[in-house]
């Protein structure tokens, strides 16, 4: 059996033209070459995928959804309390500056700013760990040397992005 080059593999993958976002199972990915191939196809064809078995606690996700809902039902003055809170995170973004949608503010709505700060800090830590795991899997699927992407991942910041200015061509 002949070994295919990276360029041949890429051309073959592009010819398959997947037009859907596949579901990538992280539990299976580390030991199943077919799942790695599915990830490769997602990366080079669609650029999108759904991740299952990601390990982020479902209760945490539900809490984040609820707090987000609650936040968007606050008056601007109550949002300002969270924005000005000095906790684990920096609270700034357009979410704090946008006027609330008409009819969405709940009259006596309030939010525990310390709880929100702590909850989002926990969530960002979990998402950061997930991002690192994904980048390691991306390296494997794309045939890159270990660390090529994962070493350029911003640590737990306001966003998890690859530092493009530091990523070699």
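The values are calculated or read from the model by the stated rules, or taken from the named source; none is laboratory data. Treat the numbers as computed from the prediction; the structure is a model and nothing was measured. Here Cβ is always computed from backbone atoms with ideal geometry, including for glycine, and neighbour counts include all displayed protein chains.
Within the range 5-19, can you find the residues that are assigned to a loop (DSSP other than H, G, I, E, B) and modelled with pLDDT of 75 or more?
Residue satisfying the conditions is 5 alone.
Which of the residues spanning the range 138-159 are touching a strand residue (DSSP E or B) at 6+ places or on another chain (Cβ under 8 Å) and in a helix (DSSP H, G or I)?
Answer for the range 138-159, where residues must be touching a strand residue (DSSP E or B) at 6+ places or on another chain (Cβ under 8 Å) and in a helix (DSSP H, G or I): just 152.
Closer than 30 Å to residue 137 by Cβ and in a helix (DSSP H, G or I), is that true of residue 38?
Considered against the rule, which asks whether it is closer than 30 Å to residue 137 by Cβ and in a helix (DSSP H, G or I), residue 38 comes out as yes.
Being outside any loop (DSSP other than H, G, I, E, B), over 22 Å from the mean Cα position of the chain (by Cα) and surrounded by fewer than 16 Cβ atoms within 10 Å (Cβ to Cβ): is that true of residue 107 here?
No; evaluated as a whole, the condition is false for this residue.
So how many residues does the range 113-131 have that are in contact with a helix residue (DSSP H, G or I) (Cβ under 9 Å, 6 or more places away or on another chain) and either touching a residue at least 60 places away in the same chain (Cβ under 8 Å) or loosely packed, with under 14 Cβ neighbours inside 10 Å (or both)?
Residues meeting the conditions: 5.
Looking at the range 28-56, which of its residues are under 30 Å from residue 117 (Cα atoms) and either modelled with pLDDT of 95 or more or surrounded by 13 or more Cβ atoms within 10 Å (Cβ to Cβ) (or both)?
Passing the criteria: 49, 51, 54, 56.
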